[in-house]
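*Asks:* Questions regarding the structure given below will be posed in turn.
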Amino acid sequence: MLNQISNGRQTPEAAMAGRQQVYSVCGMCSVRCPIVVEVEDGKAVRIEGNPKSPLKGSLCARGAAGIALEMDTERPQRPLIRVGERGEGTWREASWDEALDYVAGKLKDITAAHGGRSVLFSDRGGPFVDLHQAFMRGLGSPNYCNHDSACARNVQHAAKSVMGIGRKEVVYDYRNCKHLVLQTRNILEAINVAEANAVLDGMEKGCKLSVVDIRATYTAGKADNFYMVRPGSDLAFNLAVIHVLINEGLYNKPYVEAHVQDLDALARHVATCTPQWAEGETGVPAAAITALARQLAEAAPNVIWHPGWMVARYDDSFHVCRTAYIINALLGSIGAKGGLPIANKPGDVGRKGLKKLVDLYPAPEEKRADGVGWRHTQFDGGPGLINLAYDAIATGDPYPVKAYICYRHDPLMAMPDAEAMKRKWEGLDLLVSVTFSWSDTAWHSDVVLPLSTYLSRESIIASKGGLKPQFFVRKRAMQPTLDTKADWEILCGLARRLGMDKLAFDRIEDIWEYQLQPTGVTMADFDAKGFVELCDAPRYREDAELKFATSSGKLEMISPKWTKAGEPSLRPYAAPPAPPQGMFRIAFGRTALHTQGHTVNNPLLAEQMPTNVAWINTARAAELGIADGELLEVLDARGTAAGRIRAFVTDFVHPEALFMVHGFGHRLPVESRARGKGVADQDLMPGGLERYDRAGGGISMQEHFVAVRKAAARA
């Protein structure tokens with residue numbers, strides 16, 4: 001029988017067995033699921049979801065493949081300093097002292113010449129960014145960014161424009177929901193395990209599931225209602241649902257009267273957006289749209305219309321997300337049990353929050369290089385818009401940006417038009433990648449600092465809001481297999497060399513002690529479950545407690561902040577252009593087996609899913625004489641081929657769309673399993689770095705057209 005020792009200390013029995021269990025946090029994607037790692041003789045031998053958490057012991061394939069990642073030698077094995085041209089792949093190995101001295105020396109030279117503001121940092125967001133933000137403040141730079149302009153910026157800003165709070169400040173109460181609508185959210189494949197468990201629990205209790213998508217996903221396969229919409233027409237679908245709710249008087253009148261501002265303006269906006277009109281735009285029968293609106297009204301307020309996660313899709317995605325929040329508002333589900341209750345922070349349950357590392361230094365007074373907060377006043381200043389920061393590198397406007405640190409971020413694969421991005425980066429004097437796997441960005445960097453995997457590194461303590469807010473912590477389950485370091489070791493090591501003494505911690509235990517100072521929580525409190533809940537029972541707000549952080553204190557159909565920025569809150573619908581003759585609109589998505597491009601070279605996951613395929617509608621394939629499984633070339637709108645891929649011919653994708661799973665098409669010689677497998681969707685978006693949703697900030701990555709031809713026809 002296994003001996004469970006969550007604090008990493010062994011009982012005599014465990015020592016004899018040579019085994020222990022370590023509560024920790026997964027790092028294979030951006031969800032950061034709580035896990036238990038089984039360790040034998042100092043090596044991780046098994047990973048499972050933390051059984052004391054909502055994961056109930058389950059874990060996705062990616063998380064379970066962490067041991068294969070740790071043991072994989074096809075990843076950066078020690079610090080590397082470039083000796084050839086950028087992107088050439090010529091390096092010299094360096095010791096950690098030499099590499100950190102090199103990076104710190106470059107940063108000193110750059111900041112001496114151009115100021116601290118000349119340094120840019122990007123990561124993938126998440127619960128551990130306090131350390132990264134503290135490092136940037138210590139340098140005196142306001143230019144901390146994350147990847148979100150290629151992911152969830154549109155929905156974040158939509159939430160702000162309606163509720164005055166961010167998207168994560170409400171909870172999806174799936175277990176108590178009676179009708180769940182998923183739009184641009186493939187919840188059973190782009191997996192958050194706890195979320196998927198909660199959805200399935202809710203469905204067992206009778207929750208209806210409706211899916212709006214351009215293709216039939218696994219999630220759609222579980223749905224009571226599936227609506228295959230024309231790509232780019234989601235906004236028309238949503239406006240028609242709002243039309244029915246208002247015109248048939250199906251909205252929650254007491255709630256709307258108490259909490260919604262400018263209903264009249266909304267009613268005027270949707271007056272002509274009938275289901276019959278929407279049928280012509282979306283291809284979904286008018287009767288089906290009307291029936292959905294009535295079903296939602298019957299289930300209200302225990303309804304969730306999910307506003308989306310990866311919504312960097314169309315030019316109007318901000319408004320798609322915004323109308324999702326508006327539908328929730330009309331149904332009275334924002335703040336309601338079984339809908340979108342307000343997430344609690346430590347202070348909401350009478351507890352103190354963590355002491356922030358970022359508060360070690362004053363906030364820089366300098367304006368951001370990406371223009372967020374001063375040129376683009378409607379956008380959130382926190383993670384900014386990284387694509388606009390690249391413009392500052394190229395132009396020096398508003399000031400020179402000369403150093404860029406990418407932490408676990410691969411913008412060359414995550415965003416469109418890598419060649420255009422590289423041209424903008426030519427203005428950099430220093431490009432550093434901190435990464436546990438090879439990536440296009442690491443390959444193009446001046447210095448690669450290899451990050452330990454989530455199994456062999458600790459992280460700072462994180463805080464998570466919710467019905468029961470909590471603190472959680474990642475602990476090191478084993479020592480690194482290769483010459484790698486934890487994030488705190490790298491950034492604190494640089495801080496020491498840069499004279500940022502307040503952040504130059506020598507031990508993770510000292511960081512944890514600093515963070516916990518005001519909380520009354522000790523590290524021993526994490527031993528029982530790996531996390532510490534800050535209240536005993538879920539806390540829901542009473543209706544009378546609801547007050548939103550908008551200028552009116554209500555849910556705003558018209559946002560004064562967006563109006564002031566020159567962006568309409570209720571944008572008239574504009575039909576998406578149809579693909580030119582013989583072409584398709586590019587569409588991409590996720591799968592349960594891979595996390596974008598980070599995992600396609602993982603030995604176990606590559607074996608399970610070595611390549612992507614091109615979903616093509618049966619009728620369109622017949623027109624082009626393409627058979628299922630046939631090898632195709634995919635060409636961008638200029639006629640440039642991006643690679644070869646097998647056709648997956650199916651009725652379950654819209655005829656205008658060509659869909660593929662994102663993350664494939666690797667070309668690096670150091671990745672033997674991923675190299676040359678499939679097609680990279682981002683290679684099919686020429687000029688795409690410049691195209692983004694002006695209202696929401698998300699890059700419009702599905703506003704591009706592609707063509708296919710039989711691979712044999714190339715000769």
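The values are calculated or read from the model by the stated rules, or taken from the named source; none is laboratory data. Keep in mind it's a predicted model, so treat the numbers as computed, not measured. Counting neighbours? That spans all protein chains shown, and the Cβs are built from the backbone with ideal geometry, glycine included. These area figures cover heavy atoms from the full protein model, side chains too; ligands, DNA and RNA do not enter into them. Shrake-Rupley method; radii C 1.70, N 1.55, O 1.52, S 1.80 Å.
*Asks:* Mind ordering 401-409, 468-476 by average Cβ neighbours within 10 Å, highest first?
*Replies:* Peptide ranking by packing, descending: 401-409, 468-476.
*Asks:* Under the Karplus relation 6.51 cos²θ - 1.76 cosθ + 1.60, θ = phi - 60°, what is the ordered set of whole-Hz ³J(HN,Hα) values for the range 338-353, x standing for Gly and Pro?
*Replies:* With the stated coefficients, the range 338-353 comes to x, x, 10, x, 6, 6, 9, 9, x, x, 6, 10, x, 10, 8, x Hz.
*Asks:* Here's something else I'd like to know. How many percent of all Cα-Cα pairs in the range 168-258 sit more than 15 Å apart? Each step should come with its number before you reach the end.
*Replies:* Details: 2719 of 4095 pairs.
In whole percent, the share of Cα-Cα pairs in the range 168-258 beyond 15 Å is 66.
*Asks:* Regarding the chain, what's the average projected area of the Cα-atom convex hull, expressed in nm²?
*Replies:* Projected over every direction and averaged, the Cα hull of the chain covers 30.0 nm².
*Asks:* Calculate the FRET efficiency for residue 525 and residue 650 from the Cβ-Cβ distance with a Förster distance of 51 Å, rounded to the nearest 0.05.
*Replies:* Result of the calculation: an efficiency of 0.50.
*Asks:* Right, something else. Please list, in order along the range 198-209, the HN-Hα scalar couplings obtained from phi with the Karplus expression 6.51 cos²θ - 1.76 cosθ + 1.60 (θ = phi - 60°), rounded to whole Hz, x for Gly and Pro.
*Replies:* Values per residue, Gly and Pro as x: 5, 4, 5, 4, x, 5, 5, 8, x, 5, 6, 10 Hz.
*Asks:* Work out the P(r) tail for the range 533-590: percent of alpha carbon pairs separated by more than 13 Å, whole number.
*Replies:* 79
*Asks:* Please work out the FRET efficiency for the pair residue 537 and residue 248, using the Cβ-Cβ distance as r and a Förster radius of 30 Å; give the result to the nearest 0.05.
*Replies:* Working: r = 38 Å, r/R0 = 1.26.
E(calc), rounded to 0.05, equals 0.20.
*Asks:* Mean projection of the alpha-carbon convex hull of the range 431-492 over all orientations, in nm²?
*Replies:* The number I arrive at for the range 431-492 is 5.5 nm².
*Asks:* Kindly state, to the nearest 0.05, the FRET efficiency for residue 547 paired with residue 264, given R0 = 22 Å and r defined as their beta-carbon distance.
*Replies:* Calculated value: 0.50.
*Asks:* Continuing with this model, one more query. Mind listing the phi-derived Karplus ³J(HN,Hα) values for the range 390-402, rounded to whole Hz, using 6.51, -1.76 and 1.60 with θ = phi - 60°, and x for any glycine or proline?
*Replies:* 5, 4, 5, 4, 6, 10, x, 9, x, 6, x, 10, 10
*Asks:* How long is the range 367-501 along each principal axis, judged by its Cα atoms, biggest number first, in Å?
*Replies:* Each principal axis gives a Cα extent; for the range 367-501 these are 45, 39, 34 Å.
*Asks:* So with the 1.4 Å probe, I'd like the accessible area per residue for the range 420-512, rounded to whole Å².
*Replies:* That works out to 28 Å² for each residue.
*Asks:* Accessible area per residue for the range 41-139 in Å², computed with a 1.4 Å probe and the full protein assembly in place, what is it?
*Replies:* Per residue, the range 41-139 has an accessible area of 40 Å².
*Asks:* Could you give the Stokes-Einstein D for the range 632-675 in µm² per second, using the C-alpha Kirkwood radius, 4 °C, 1.567 mPa s?
*Replies:* It diffuses with D of about 103 µm²/s by this estimate.
*Asks:* OK, next. Among DSSP bridges having both ends in the chain, what percentage is antiparallel? Round to the nearest 5.
*Replies:* About 50 percent, rounded to the nearest 5.
*Asks:* Using helices alone, I'd like the mean residue ellipticity at 222 nm for the chain: each DSSP H run of four-plus residues gives -39500 (n - 2.57), total over residue count, nearest 500.
*Replies:* For the chain, the value works out to -8000 deg cm²/dmol.
*Asks:* How many nm separate the modelled label positions at residue 101 and residue 41, each set 7 Å beyond the Cα in the direction of the Cβ?
*Replies:* 3.8
*Asks:* Sticking with this one: May I ask you to give the percent of accessible area on the chain that is carbon plus sulfur, with a probe radius of 1.4 Å?
*Replies:* Values: 12670 of 25860 Å².
Carbon with sulfur: 49 percent of the solvent-accessible area.
*Asks:* Could you list which residues have their amide H under 5 Å from that of residue 632, counting only those 5 or more apart in sequence or on another chain, with H placed in the peptide plane?
*Replies:* Here 645, 646, 647, 711 satisfy the definition.
*Asks:* Would you tally the net charge around residue 37, using a Cβ to Cβ cut-off of less than 9 Å, leaving residue 37 out, and scoring K and R as +1, D and E as -1? Before the final figure, lay out each step's value.
*Replies:* Values: positive: 46, 475; negative: 38, 48.
Taking every other residue near residue 37 into account, the sum is 0.
*Asks:* Determine the per residue accessible area of the range 281-326 with all protein chains present and a 1.4 angstrom probe, expressed in square angstrom.
*Replies:* Heavy-atom accessible area per residue stands at 23 Å².
*Asks:* Then there's this: Using only C-alpha atoms and all pairs of different ones, pull out the Kirkwood radius for the range 272-410 in Å with one decimal.
*Replies:* 19.6
*Asks:* Take each of the peptides 205-214, 90-99, 283-292, average the number of other beta-carbon atoms within 10 Å over its residues, and list them starting from the highest. Mind showing how you got there, number by number?
*Replies:* On the way: 205-214: 21.0, 90-99: 14.6, 283-292: 17.5.
Highest to lowest by the protection proxy: 205-214, 283-292, 90-99.
*Asks:* Moving to a separate point now. In Å, what Kirkwood hydrodynamic radius results for the range 618-694 from the alpha-carbon pair distances?
*Replies:* 14.1
*Asks:* The range 38-124: percent of C-alpha pairs farther apart than 15 Å? Can you show the working numbers first?
*Replies:* Details: 2861 of 3741 pairs.
The calculated P(r) of the range 38-124 puts 76 percent of pairs beyond 15 Å.
*Asks:* Can you spot the lysines whose alpha carbon is less than 26 Å from residue 402's alpha carbon? Ignore those fewer than 8 places along the same chain.
*Replies:* The reachable lysines, counting only those whose Cα sits under 26 Å from residue 402, are 106, 108, 367, 422, 424, 485, 502.
*Asks:* Let me ask another. What is the antiparallel percent of DSSP beta bridges lying wholly in the range 612-715, to the nearest 5?
*Replies:* Of the beta bridges lying entirely in the range 612-715, close to 65 percent run antiparallel.
*Asks:* In nm, what is the difference between 0.36 nm times the number of residues separating residue 419 and residue 673 and their Cα-Cα distance?
*Replies:* Extending this stretch completely gives an extra 89.0 nm.
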